[in-house]
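Colleague: Let me begin by handing over the structure; questions about it come next.
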Amino acid sequence: MHPLAEKWRRRPRPAATTVTVLQLLPADPAHANSPSCAKAIELINAAIDVSGGTMDDATTRALSDRLSGVAALAVGEEREAITGYADALIDETVADLGPATDELNRVCA
């Protein structure tokens, strides 16, 4: 399974977004997640790795755009969870990505 091990908590804008590295656990072959979920998790982890744990607004928006593209190819709950996470990234009223992260974990793990 591929749960996101740490919750990503976001500071209010315009400050840079500070994140903790999301860790993936080794996949259990009998319970592999979908390609859409795998890609979403890969994009999140890559953005965090490249940013060094602090994402500026441009990086956050770029990640949201990419996740929206992945969500467009997903179906059902996966589409909703990935879209929810992408939307939460750029929603200035969302100070804590915990609920979106939890939903992504629930659906994609």
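Colleague: Find the Cα radius of gyration of region 32-108, compare it with 2.2 N^0.38 Å by division, and give the number to two decimals.
Modeller: 1.01
Colleague: Which value, in debye to the nearest 20, describes the size of the charge dipole of region 32-108 about its Cα centre when Lys and Arg Cβ atoms bear +1, Asp and Glu Cβ atoms bear -1, and nothing else is charged?
Modeller: Here the size comes out at about 300 debye.
Colleague: Under 5 Å between amide hydrogens, which residues at least 5 positions from MET55 or on another chain qualify, with H placed 1.01 Å from N in the peptide plane?
Modeller: THR17, THR18, VAL19
Colleague: Just in region 48-109: which GluC sites (Glu not before Pro) are loop by DSSP and have at most 10 other Cβ atoms within 10 Å?
Modeller: The qualifying sites are GLU92.
A short reminder: the numbers here are calculations on the coordinates, not readings from a lab. All of these numbers come straight from a predicted model, not from anything done at the bench. Here the Cβ is made from the backbone with ideal geometry for all residues, glycine too, and neighbour counts use every protein chain on show.
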